[in-house]
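Colleague: Mind looking over this structure? Questions follow.
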Amino acid sequence: MFSLDPATLLVLVPALPLAGAILTVALGRLLGSKAHWPAVVSIAAAAAVAVTLLIGLGREVLGMVHDDHGSASAAPVESITTLWQWASVPDAYVPPADSPGIDLSAKAAGRPESLPFSIGIDLRLDPLTAVMLAVITCVGLLVAIYSIGYMHDDPGYPRFFALVAAFVFSMSMLVAASNFLLVYVFWEAVGACSYLLIGFWFRKPTAAAAAKKAFLVNRVGDFGLAVAVFLLWMTYGTLNFHDSLTSPVPGILGAERLADASGYVAGAVGTAICLLLLLAACGKSAQLPLHVWLPDAMEGPTPASALIHAATMVTAGVYLVARCAPLYVACPEALTVVSIVGATTAFVAALIGTVQNDLKRVLAYSTISQLGFMFASLGTGTLLGFTAAIFHLVTHAFFKALLFLGAGSVMHSMGGVIDMRRFGGLRSVMPITAATFLVGSLALAGVAPFAGFFSKDEILASLHARGWPDAHAEHHGSATHDSQAHLDLDASAGKPLWLVSDSRGGAVREAISDTAAAGTYRTLYWMSLFTAFLTAFYTFRAVFMTFTGPVRVPDEAGHHAHESPPVMTWPLVILAVAATVSGWLLFSTHALSNFLAATPSLACPAVAATATPHAFHIDLAIQGTLAAAMGIVLAALGYLGRRSDGPLMDRFLGPLETLFAHRFYVDEVYTALIVRPLEILAMLAAAFDRYVIDGLVSAVAGIPLAAGAAIRRLQSGLVQRYAVFGAIGTLAIVLALAWTLRP
Amino acid sequence: MTQDGLSATGSLLAVAVGCAAASVWLLLPRGEGGLRERSSRRFGMLLGAVALSLFVATGHRLGGIGEEATFLVVSLVAVVGGVATIVTRSPVYSAIWFALALAGVAGVLLVLGAQFLGVATIIVYAGAILVMFLFVLMLAQPTGMASYDRVSNEPLLSAVAGAVLLGLLTLFIGRLAAGPATCCAVPSKATALAGGVAPPIAPLPPTDSTGGDPLATDHVARLGGELFGRHLLAVEAAGLLLLVALIGSIAMVSRTPAEEQSLPVARRAGP
Amino acid sequence: MNPSPLVLDGLIVGAMLFAIGLVGILARRNLIVMFLSAELMLQGVSVSLVAWSRHHGDWGGHVLVIFVLTVAACEAAIALVIVLQAFARTGRLDVAAWQSLRESNLPRVGDRELPANDDTVMEFPRLTPAGVEPAIDEDELLQREHV
């Protein structure tokens, strides 16, 4: 099946971009305008390897699925490659007697007296990783190729490609890492790459400020991840995903614990871990309380925005939650929070997106909004929800990268102008960009044959399934699947409780008790549907403002506004094709969801038990399409063929427009609540330092100074005065001697 | 001398030294001017007279009245001349007072039996060096009374320093007079070896045939023999020193500041 | 053998001269007077030396005084040249004129404002300036011609 050992191939995926980055750094100046070669070639090779891995693993998994006659619950597939042992501390931790996570899971091995802390450079290959690797490297490759044209003649040309390659390396390692510590390390590494790329034009003050902001806001999330890692270690006694021979405790996402019905800690500790992980995900994926950095991150070069701040890095949060699915499933409250955060973010970001005039910022808010969709889907806690989120992640990576690169193409042509009010009617000026941008917009809006339609439909379906469980139970009532989900109202317990009675084969009963939870998901469903409408509206508002109406070109573009060079348009075309067909391909064959279901995290009984048969919900599809159509029609009414600088939105929205345009004043609130107090604290500290600390130091320094000032008055320069003092001194000595030697 | 007598002499001498210091301080120019200066001068003179009387009163009785009177007169001339030298405002008067002091010193030297030195002092100092001083004063005479002649540098401290010095010296000389037991607290090596009390200051035996008693009649001949016999090398060295001083002073005076300013830098810096 | 009274008195006189010279050199600001004070100290030393010579009954003190005289002559020659050069530079015989090596932020020790001189007391001799052609009174010259 593989021409090479899959373990070797897996190592190659991050190793090649790393080599490319190092080569670019080493030879960048030598290569000059050819500095893109190491990065592009290495990422291309990594992409080829990643696709090979994906196809190989996919054949293996799907073949197995077909053997089982279409069973959704495929056997988990994973392979671990340990490169070397990073750290090994024997007897690092003696677990307390009532430590539930360790006690429960270590039944077979006997309770360990003390646990070693052993961390290896472990890479894993499973369906989720394979999908992520393929997306990262493929989008990375297209963006790198596009950048050859876009970044042409930039003074930091080699630096850009070195950073892109370093980012691809870090992101590959992040999704391939098989323990939480490595995840944390590369979580930080992608953050650093993001910081460096946002601040790529560091001489521009806004870019430097945006980079700083992104870094600082991400720190909040990183803090959550760090504490979550600590808690995981204290709770489970290991940080590995997989079962490892070096640790007596089964890995957190290892087969042994996954098979164990009570392998995961619920209650306060479990919820705390989940919420801290969610905080980390919110930071990286720009979800609601921490979303403020992503719009500002558009100060970076557009290809970097496309790669990092739209397609790949921001999806790290989604990946993390999906990877930790069993932890979340054990804590339904945390899941609900995930959904609420996601749907609210989607809604708020979409509202803000409707009034933005900066093309890239529209896309940035759309990214936040779409990531919110993914989180809402993850928060359902069903297999459908998880796979839908990853499905949307994949399609979103394609069409959002496409849209960003299209925006970059427009920006490139317009001489750096990105304000939609200053240009219009570019359809005739740059036809390829316009066509591909339209394809991306249709995909984003969720119009029928395009990728976004299918993935968004699945997300809505997953929410709908939680909102109206009865309907779905009836809907699928006749289906005869082993792992069919039943709803049971457990009113007496009053708390949601997932009862997993048996691992495999038996009837899995899940008790989703709360009608309140169902009500929540209903609200979230309607919110998401409305968000879908808003998405279509703002997307096509941008399309109409940019590409229709009379041709208007800003002065900065000069007289040579033209289509971008082929090196930039070809990636657009490829991505457009992907954005068109990927949805239908992946949805119609259920390949992606079946494939992902073989991920150990998602194949565990608790998650697999929630699997539903693949179905195309025509009612939901109609609702989604209607919402998208309404949005497009409304946008067409307002903007199609008009001059793009009309004051339409504020007339339509009134005071709300101000609220949206100021992004719900979140930045202002943060400034007032966090930045200002910290600044005042810093001023106080500075004053304390200057006046108290420095004052003390100066006082100490003042002692010799004062002594010197007193004594220096003696140095009058008068020889005679010196002679007087000398004579008196001598006589004093003689007097003292005479007194000492007196008879 | 009894213990009481010694202490009485000592306290008298202490008073005398204190009076001398106060007198010198009052007499020194302190830039007061007018009546204040005049009265302080008078008071200073009075105190000086008191101090001198006390010194005279505590002085040792010499052998003969004639010798005693002569010594008293010449030493008074020397000391009063010296004090007047340092307290007089005008440098010209200072020089003249210095000449008087020199005369007193020459007298003291004569009484001490150094006839040649007494005469040589008069000749060399009063005849040569002092005249040179006066010439310099003529060359470098500012118009009118210079301000720096009317004030002193730290007059009080200087007077105190002088008094302490005088007191110490008088104390030591008084101990010499009191005898060997009190003159030196540190036993000498010879005393330690002998195991007894040896006079710490013993007259050295004449070491040269040309030497002998300085009071002999052929005083100058003997001094000449001593000088050109035993100290011939030192005399030659002194002659060389005089030559060097002559050449040095000519070399220095031949280069006036104005000339030095006009010299090229290289020559100024070079040897 | 204790020193004789004459020797002791000589020593006392020498000590007094030395102390007076010390006070003078410490207190007076005129370079010439300082120099005279130094000579006075030398005289004090000479007297002491001679007294000790008398005490010991040898020629050492005498010989030493002769060398003191020699050195004093050399010293006077050199020092007076230096004084002259110093005067040529500053126009003063003031030792306080030379105080450039003081601490930089200290004020210069200048002459304070002195009260007016009492001319009746301060009779002041004037020597004819050397090296300067005296101003000749025309009338006197004419009268001399007539005589």
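The values are calculated or read from the model by the stated rules, or taken from the named source; none is laboratory data. Note that the structure is a prediction, hence the values are computed from the model and not measured. Cβ atoms come from the backbone with ideal geometry, glycine included; neighbour counts cover every protein chain shown.
Colleague: Name the residues in the range A:363-385 that are assigned to a helix (DSSP H, G or I) and modelled with pLDDT under 90, would you?
Modeller: Within the range A:363-385, the first condition is being assigned to a helix (DSSP H, G or I), and the residues that meet it are A:363-378, A:383-385.
Correct list: A:LEU383, A:LEU384, A:GLY385.
Colleague: So is B:SER90 closer than 22 Å to B:GLU37 by Cβ and at pLDDT below 90 or not? Don't jump to the end; show me each part of the working.
Modeller: On the way: closer than 22 Å to B:GLU37 by Cβ: yes; at pLDDT below 90: yes.
Yes: the conditions hold for B:SER90.
Colleague: Looking at the structure I just gave you, is A:THR271 touching a residue at least 12 places away in the same chain (Cβ under 8 Å) and part of a helix (DSSP H, G or I)?
Modeller: Values: touching a residue at least 12 places away in the same chain (Cβ under 8 Å): yes; part of a helix (DSSP H, G or I): yes.
For A:THR271, the condition - touching a residue at least 12 places away in the same chain (Cβ under 8 Å) and part of a helix (DSSP H, G or I) - is met.
Colleague: Moving to a separate point now. Kindly indicate which of C:ALA19, C:ALA88, C:ALA51 is within 24 Å of B:GLY225 (Cα to Cα) and at the interface with chain B (Cβ under 7 Å from one of its Cβ atoms).
Modeller: Values: C:ALA19 fails: within 24 Å of B:GLY225 (Cα to Cα); C:ALA88 fails: within 24 Å of B:GLY225 (Cα to Cα).
After applying the criteria, what remains is C:ALA51.
Colleague: A further question follows. For B:VAL73, are the conditions met, namely being more than 9 Å from every other protein chain (Cβ to nearest Cβ), within 15 Å of C:ALA15 (Cα to Cα), part of a helix (DSSP H, G or I) and not basic (Lys, Arg)? If you could, list the steps in order and put the result at the bottom.
Modeller: Working: more than 9 Å from every other protein chain (Cβ to nearest Cβ): yes; within 15 Å of C:ALA15 (Cα to Cα): no; part of a helix (DSSP H, G or I): yes; not basic (Lys, Arg): yes.
In short, no.
Colleague: In this structure, is B:SER40 of a type in the set (Ser, Thr, Tyr), part of a helix (DSSP H, G or I) and surrounded by fewer than 19 Cβ atoms within 10 Å (Cβ to Cβ)?
Modeller: Details: of a type in the set (Ser, Thr, Tyr): yes; part of a helix (DSSP H, G or I): yes; surrounded by fewer than 19 Cβ atoms within 10 Å (Cβ to Cβ): yes.
It is true that B:SER40 is of a type in the set (Ser, Thr, Tyr), part of a helix (DSSP H, G or I) and surrounded by fewer than 19 Cβ atoms within 10 Å (Cβ to Cβ).
Colleague: Further question: Taking the range A:697-732 as the region of interest, how many residues are loosely packed, with under 10 Cβ neighbours inside 10 Å and either of a type in the set (Lys, Arg) or over 60 Å from the mean Cα position of the chain (by Cα) (or both)?
Modeller: 1
Colleague: Using the structure shown, decide if C:HIS62 is touching a Pro at 6+ places or on another chain (Cβ under 6 Å), at the interface with chain B (Cβ under 7 Å from one of its Cβ atoms) and free of Cβ contacts under 8 Å to residues at least 60 places away in the same chain. Outline the logic, then answer.
Modeller: Working: touching a Pro at 6+ places or on another chain (Cβ under 6 Å): no; at the interface with chain B (Cβ under 7 Å from one of its Cβ atoms): yes; free of Cβ contacts under 8 Å to residues at least 60 places away in the same chain: yes.
Criteria not met by C:HIS62.
Colleague: Answer yes if at least one residue in the range A:314-323 is assigned to a loop (DSSP other than H, G, I, E, B) and touching a Cys at 6+ places or on another chain (Cβ under 7 Å), and no otherwise. Lay out the reasoning, then the answer.
Modeller: Within the range A:314-323, the subset assigned to a loop (DSSP other than H, G, I, E, B) is none.
Scanning the range A:314-323 turns up no residue that is assigned to a loop (DSSP other than H, G, I, E, B) and touching a Cys at 6+ places or on another chain (Cβ under 7 Å).
Colleague: Checking the structure you have, find out if any residue of the range A:434-449 is within 30 Å of A:SER528 (Cβ to Cβ), over 27 Å from the mean Cα position of the chain (by Cα) and at pLDDT 85 or above. Show your work before the answer.
Modeller: The initial filter retains those residues of the range A:434-449 that are within 30 Å of A:SER528 (Cβ to Cβ), namely A:434-449.
Keeping just the survivors that are over 27 Å from the mean Cα position of the chain (by Cα) gives A:434-435, A:448-449.
Within this subset, residues satisfying the condition of being at pLDDT 85 or above are A:434-435.
Among the residues of the range A:434-449, at least one is within 30 Å of A:SER528 (Cβ to Cβ), over 27 Å from the mean Cα position of the chain (by Cα) and at pLDDT 85 or above, which makes the answer yes.
Colleague: Quick check, is C:ALA38 touching a helix residue (DSSP H, G or I) at 6+ places or on another chain (Cβ under 8 Å), small (Gly, Ala, Ser), assigned to a helix (DSSP H, G or I) and within 7 Å of chain B (Cβ to nearest Cβ)?
Modeller: When the stated conditions are applied, C:ALA38 does not pass them.
Colleague: For the range B:33-53, name all the residues that are more than 11 Å from every other protein chain (Cβ to nearest Cβ) and in contact with a Cys (Cβ under 7 Å, 6 or more places away or on another chain).
Modeller: B:LEU47, B:VAL50
Colleague: Would you mention how many residues in the range A:420-463 are surrounded by fewer than 24 Cβ atoms within 10 Å (Cβ to Cβ) and hydroxyl-bearing (Ser, Thr, Tyr)?
Modeller: Adding up the residues that qualify gives 1.
Colleague: Could I ask something else about it? Check whether at least one residue in the range A:145-157 is over 23 Å from A:ALA45 (Cβ atoms), at pLDDT below 85 and surrounded by 22 or more Cβ atoms within 10 Å (Cβ to Cβ), and report yes or no.
Modeller: Taking every residue of the range A:145-157 in turn, none turns out to be over 23 Å from A:ALA45 (Cβ atoms), at pLDDT below 85 and surrounded by 22 or more Cβ atoms within 10 Å (Cβ to Cβ).
Colleague: Determine whether the range A:332-349 contains at least one residue that is in contact with a Pro (Cβ under 8 Å, 6 or more places away or on another chain), at pLDDT below 90 and either assigned to a helix (DSSP H, G or I) or within 30 Å of A:SER409 (Cβ to Cβ) (or both).
Modeller: Yes: one or more hits.
Colleague: Take the residues of the range A:689-743 that are within 12 Å of chain C (Cβ to nearest Cβ) and assigned to a loop (DSSP other than H, G, I, E, B): which is farthest from C:MET34 (Cα to Cα)? Break it down into steps so the answer makes sense when it comes.
Modeller: Pass one, the range A:689-743, residues within 12 Å of chain C (Cβ to nearest Cβ): A:708-728, A:730-731.
Right, trim to assigned to a loop (DSSP other than H, G, I, E, B) and you get A:713-718.
Details: A:ARG713: 24, A:LEU714: 22, A:GLN715: 21, A:SER716: 19, A:GLY717: 17, A:LEU718: 14 Å.
Among those residues, the one meeting the criterion is A:ARG713.
Colleague: For the subset of the range A:163-173 comprising residues that are closer than 10 Å to A:CYS193 by Cα and among the aliphatic types (A, V, I, L, M), which member is surrounded by the fewest Cβ atoms within 10 Å (Cβ to Cβ)?
Modeller: Only one residue fits best here, namely A:ALA166.
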